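All remarks here apply to the structure that follows.
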Amino acid sequence: MGDRQTCIRAHFRRRTKQHLLLAVALLISALPGAEASVNAIKDQGWQNICKVTGYLQKIPGLAKQQIADEGKAATNARIAALALSPYAASSLEGDKRLAIQAVTEKLLADAHSAYTSVLSHCQVAITAAATTAELAGRGIEVVETLAEAISGSTGYCVMAQGNGGQASNFAGLTGCNNANRDHPKHDNKISTTDLTSTGFADLNNQDVKDTSMGNTKCVLFQAAGGNAGKLFQRAKTVNMAGGMLVVYTRTPTLNLATARQLNANGRNDRSTLLKAAHADAYAVNTRRPKLTAINPQAAAERATKDPETKAKLAKILKRQGVVAEDGPAIAEANRIYNDLFGSTGEKMSEIWATVMQTRVTGSKDKTEETATIESIMTENQPQQVLDYYKHQMATKLKAMEAQLTKAEAACKSAVKPPETICNEIGENKTKCGETEGCHFVDTDEKGKKCTLTKEAAEKAAASQETGKDGEKEDKCSHKKKEGECTGNCKWDGKECKDSSFLLNKHFAISVFLLHLWPCLFKTIFPLFFLLKICYLKFDIF
C-alpha cells in the first residue's frame, strides 16, 4: 500500500513538472520580445548582390565613353575628308584626283553614319543610366540596412565573409562599400560570362539563407503574422534589392533572383526593374559602334580599304563622263584604285604622309602665306583652305571662258570671204595666179582685177547656200551599196553622198583653215588645252 502511494506521488510530481515547463514555454512564446527569429543572409548572398551592383554602376560610364568614342571617330573621318580635299585640289589632277574624291565621299558617309548612330545611342544610354543606377542604389541600400541591423552577438542579419559569425558593419563588407558613390570609370566591357543575354551569372536562384551554427538571428526575416511586432504581416513573396533578393515570409526562405532578358515571344521583358536594367545593361555592353577611328589617318586608311570606295569611284567616273557603262566603269575604277592605293588600299599610309607635308594657301590672313596641311588639322581650317581653292578655281575658269569668247570673236572677224581674199592681192598677176581659186582679169575695175574663178565662185556660193539652209536635197543617201552610188553621188567608204556637196564642203574648209590657222593656233588652241587641263585639275568635289 505504501509503495503504491509513493509511486502515485512520484508520477504526480513528474506530470506537474512537465505541465509547468509547457506553461512557461507558452508564456515565453507569448511575450512580444521573445518571438523566434530566422536565419541571417550568408556571404554568398550579399557578395553576389554587390557584384551585380558593381556591374550596374559601370554601365553609365561605359555608355558615356561609347558616345564620346564614336563621336570622336565621326569627327576624325570628317577632318580626314577635309584634309584630303585641298590636297587633291592643289596637287592632283585627272584619275588621281577622282580616286581621292572617292575616298573623301566614303569618309563623309562614314562620318554621317557615325553621327546618326551616336544620336540614336544617346536615348539608349540615358535609359540605361537611369535603370541601372536605380537598381544599383536599391541593392546597396538593402545590403547596408541588413549589415547595420545588429544587436550584440545574438541579433544580426548578415554573416561575415566565410560565414563564421556576424558581419561587424557595412564598411566591413568587401566589395560592397563604395565610399564616394561615384560611378567608376569603365575602360573595358563587362565579361560576357558575368552579363549574359539571359541574365546576370551571379543571380541564379541560389539559396542564401545561412543554416550553420543554428543561426536563427535576423528579426527582419521572421515568419509573417498579424502581430504589431512583425515586419511582414502576412505570408507573401517579397522582392528586395530591386528584385535581386527574393524573400518568402511564410516559412522564411532567402534566394537570389534569376533575371531573364527574354520572354515568351523573344522580346525584351521590362516588366520589373531588374529585367529592364538587365536588358539595358546588356544592350550597352554588347553595342558595336558604326565607326572606330582613333585619329584622321586611321579614318582615311579604313575608308580607303572599304570595298565601297571602289564602287564610289566607278560612279564618279560615270558622272564625269569618263566611261558610260557600268562594266567599263568598274574595270577602270579597279585600275585607277590599284595604281594609286595598291590592291588592298595599303598605300594610303604613304599618301597620308605626303598629304600632311603638302603646303597649301588659304589658312592665313595673307594669300601669299602657306601652311602644311598637318599644321591646320582642325575642323574649320581645312574647310577654309578648300573654300579658298574652290574660289580660285571658279575665278580662273570664268576668266578663261571670257578669253575664249573674246578669241573666238576675234577669229571670226579675221576670216574673210574668198572674193575679198582675191581682191586684196591687187595688181600682182603672179601672186593672183598662184593663189588657189583666183585669176587675174585686166578688164575688171581697179581693186577687183584679181577675182574668183567661175568654178571657185560657184563652189563658194554652193558652200554659202549649204550654210544657210543646211543640207541640200539629199539624192544619194538612199543608195545603200557602192555599186548604186553613181552620177553626182560618191561613195565615201561607208555611205553614198552628193559629190558636189563634198567638193564644196572640202573647198570651204580648206579656204577657212588657210586663213584662220594663225589665229586658231595662237589663240584658240592654247585656251582649249588649258580648259582641258583645268577640267581635270580643278573640277570641284
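The values are calculated or read from the model by the stated rules, or taken from the named source; none is laboratory data. The model shown is predicted, which means the values in this text are computed figures rather than measured ones. So basically every Cβ, Gly included, is an ideal-geometry build from the backbone, and we count neighbours across all protein chains shown.
Worth a mention:
- Answer from 147, 136, 130 - the residue that is in a helix (DSSP H, G or I) and at pLDDT below 90: 147
- Selection within the stretch 403-425 - over 25 Å from residue 463 (Cα atoms) and either touching a residue at least 12 places away in the same chain (Cβ under 8 Å) or acidic (Asp, Glu) (or both): 403, 404
- Residues that are exposed (fewer than 13 other Cβ atoms within 10 Å of the Cβ) and over 17 Å from residue 416 (Cα atoms), drawn from the stretch 442-458: 442, 443, 444, 445, 446, 454, 455
- Of all the residues in the stretch 336-395, those that are aromatic (Phe, Trp, Tyr) and modelled with pLDDT under 85 number 2.
- Which numbered condition residue 290 fails, given (1) without any contact (Cβ under 8 Å) to a residue 12 or more places away in the chain; (2) farther than 15 Å from residue 105 by Cβ: (1)
- First in the stretch 433-458 and without any contact (Cβ under 8 Å) to a residue 12 or more places away in the chain, second anywhere and part of a loop (DSSP other than H, G, I, E, B) and of a type outside the set (Phe, Trp, Tyr), Cβ under 7 Å, 6 or more apart: 440/449; 441/449; 442/449
- Criterion violated by residue 309 - all others in (1) closer than 24 Å to residue 389 by Cα; (2) hydroxyl-bearing (Ser, Thr, Tyr); (3) under 25 Å from the mean Cα position of the chain (by Cα) satisfied: (1)
- Hits in the stretch 203-227 (condition: over 23 Å from residue 166 (Cβ atoms) and in contact (Cβ under 8 Å) with a residue 60 or more places away in the chain): 203, 227
- Residues of the stretch 75-102 that turn out to be at pLDDT 90 or above, of a type outside the set (Gly, Ala, Ser) and within 19 Å of residue 322 (Cβ to Cβ), as a count: 6
- When residues of the stretch 154-175 are limited to those that are within 21 Å of residue 221 (Cα to Cα) and in contact with a Lys or Arg (Cβ under 9 Å, 6 or more places away or on another chain), the one surrounded by the most Cβ atoms within 10 Å (Cβ to Cβ): 158
- Pick from the stretch 126-153, criterion among the small types (Gly, Ala, Ser) and surrounded by 22 or more Cβ atoms within 10 Å (Cβ to Cβ), ranking: farthest from the chain's Cα centre (by Cα): 147
- Just one of (1) farther than 17 Å from residue 91 by Cα; (2) at pLDDT below 80 fails for residue 401. It is (2).
- When 299, 303, 277 are checked against the criterion of being farther than 19 Å from residue 80 by Cα, out of contact with any Cys (no Cβ under 8 Å at 6 or more places or on another chain) and either acidic (Asp, Glu) or in contact (Cβ under 8 Å) with a residue 24 or more places away in the chain (or both), a single residue qualifies: 277.
- In the stretch 89-125, the qualifying residues are those that are among the polar types (S, T, N, Q) and crowded, with 16+ Cβ neighbours inside 10 Å, and the one that is nearest to the chain's Cα centre (by Cα) is 117.
- Scanning the stretch 259-285 for residues that are of a type in the set (S, T, N, Q) and within 18 Å of residue 121 (Cβ to Cβ), we see that the one that is modelled with the highest pLDDT is 285.
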